[in-house]
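The values are calculated or read from the model by the stated rules, or taken from the named source; none is laboratory data. Model, not experiment: these values are computed from the prediction. No Cβ is skipped: glycine too gets one built from the backbone with ideal geometry, and neighbour counts run over all protein chains shown. These accessible areas exclude ligands, DNA and RNA; they are computed on the full protein's heavy atoms, side chains included. Shrake-Rupley method; radii C 1.70, N 1.55, O 1.52, S 1.80 Å.
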Amino acid sequence: MLIAASAPSRSAEGGTVSDGFNGTFDCGVTLYMWPLARDAPPLVTGQGTMEIAADGNGKLVRGTITERVADDTHHPSGFDTCTFTLQSGSYSLGKDGNGTSSARWALRTGDTTHCANFVPGSRFNGIDTTRQDAPPASASSTIFFDGKNKSYSVSVVEQGLAVAVCDRRNDN
């Protein structure tokens with residue numbers, strides 16, 4: 001999961017769109033499972049937040065994702081809360097603000113066993129319910145940046161997709 005909106009080709013300062021893609025962004029994230037039938041909509045399986053920081057030169061320098069994922073087997077609420085930390089990440093934006101990103105995420109130490117099955121981009125998520133930990137996993141996204149303060153992303157993985165809508169923090 002990552003960030004980015006179709007954009008003007010230049011930032012307000014006259015630099016490129018990538019130059020303006022810096023600072024910290026706060027995001028809302030929605031997770032979807034693929035539809036069960038061709039005429040059915042994708043199913044919402046989780047929601048969360050993401051904080052991600054970009055350096056303006058193609059590198060994601062820090063980030064966390066906190067997801068509330070469906071789980072009616074472990075908690076009366078029907079959700080587990082899982083937190084992932086950015087291990088490494090990069091992005092590339094064209095002059096129009098469209099681009100791609102790649103990120104590697106690791107599950108926070110101490111999160112539930114069930115969370116080990118929901119590492120973004122990992123294969124066979126949700127199948128091994130006895131998994132005690134999870135290796136870092138990678139996710140690739142299509143990103144859109146408006147050249148100012150708004151970004152959007154869509155990540156497609158084997159189990160479904162994640163959509164993020166982000167706003168640049170005012171303190172940048």
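Data for the structure
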| read-out | value |
| --- | --- |
| Residues being surrounded by 20 or more Cβ atoms within 10 Å (Cβ to Cβ) and more than 19 Å from ALA54 (Cα to Cα) - total across region 137-156 | 1 |
| Filter pass, ASP39 being at pLDDT 90 or above and closer than 20 Å to ASN149 by Cβ | no |
| Filtered residues of region 46-62 (kept if within 14 Å of THR85 (Cα to Cα) and either open to solvent by less than 10 Å² (accessible area, probe 1.4 Å) or over 12 Å from the mean Cα position of the chain (by Cα) (or both)) | MET50, ILE52, ALA53, LEU60, VAL61, ARG62 |
| Search result, residues across region 19-60 that are of a type outside the set (A, V, I, L, M) and part of a loop (DSSP other than H, G, I, E, B) | PHE21, TRP34, PRO35, ARG38, ASP39, PRO41, PRO42, GLY56, ASN57, GLY58 |
